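As structure tokens, the structure follows; a few thoughts come after it.
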């Protein structure tokens, strides 16, 4: 896909339209991943897609050893589902949601730069009249060798360090209640000091598709492409969605704090603002 075409995104390589995706079915080196639960999968999915419910794989330890352990776990899991280090992978759910975005981010962090989110998801696929399958698909096991790209991940140690870069902008992608502390989902409630609250779902239209570049640029108007941006939420899923959207808009230095509030809100040393 040519840069800057789809919906006006400056960097559209991490998203794919249902029309383009339909032409990838059965292609050599392409894997479709249905990130929903199994019971939804067997009711109808994209033909040939494997079922990997990504929301089942939280991670809250962002120490070096913790991240390496998580990467090894996910590499084994990806390989078991036929996802290799060089495969092109299309992640989808019912809409352009954060489970599919988490897949794209995970793949990129682990060294595979060929992950894409299906814009509009299965709902748009069905509205366009494309084929569905209800069978358990077969696949061939692949080998996934992780080569971690630490440029796309942030950690508790980095965000809580006294020498944190002054140019870093922290984006809280949760709901307003979580941000203000009226909703407590860890030992502590509130947000990381200095964080801006830009809820992830504002990037999605009512029909479940992503908004255009013009609409998204208005949403993120106050952010500078020169700054380091760190997204976080409760467990790194909504944050992965905002990470993906910002990458579509051409922001280069964006990181997902995968431990997010599960880790930060339960750490005895992390400062909190309500």
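Can you tell me which residues in segment 28-47 are touching a residue at least 60 places away in the same chain (Cβ under 8 Å) and surrounded by fewer than 18 Cβ atoms within 10 Å (Cβ to Cβ)?
Those that are touching a residue at least 60 places away in the same chain (Cβ under 8 Å) and surrounded by fewer than 18 Cβ atoms within 10 Å (Cβ to Cβ): 30, 42, 43, 44, 47.
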Of (1) assigned to a helix (DSSP H, G or I); (2) surrounded by fewer than 23 Cβ atoms within 10 Å (Cβ to Cβ); (3) in contact with a helix residue (DSSP H, G or I) (Cβ under 9 Å, 6 or more places away or on another chain), residue 59 satisfies every one except (1)
Within segment 177-188, does at least one residue satisfy the condition of being closer than 24 Å to residue 216 by Cβ, touching a strand residue (DSSP E or B) at 6+ places or on another chain (Cβ under 9 Å), touching a residue at least 40 places away in the same chain (Cβ under 8 Å) and surrounded by 16 or more Cβ atoms within 10 Å (Cβ to Cβ)? yes
Those residues of segment 113-135 which are part of a loop (DSSP other than H, G, I, E, B) and over 20 Å from residue 55 (Cβ atoms) amount to 113, 114, 128, 129, 130, 131, 132, 134, 135
Can you spot a residue in segment 41-50 that is touching a helix residue (DSSP H, G or I) at 6+ places or on another chain (Cβ under 6 Å) and at pLDDT 95 or above? no
Could you go through segment 96-108 and let me know if any residue there is farther than 19 Å from residue 7 by Cα, in a loop (DSSP other than H, G, I, E, B) and without any contact (Cβ under 8 Å) to a residue 60 or more places away in the chain. no
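The values are calculated or read from the model by the stated rules, or taken from the named source; none is laboratory data. What you see is a predicted model, and the numbers here were worked out from it, not measured in a lab. Every residue, glycine as well, gets a Cβ built from its backbone with ideal geometry; the counts of neighbours run over all protein chains shown.
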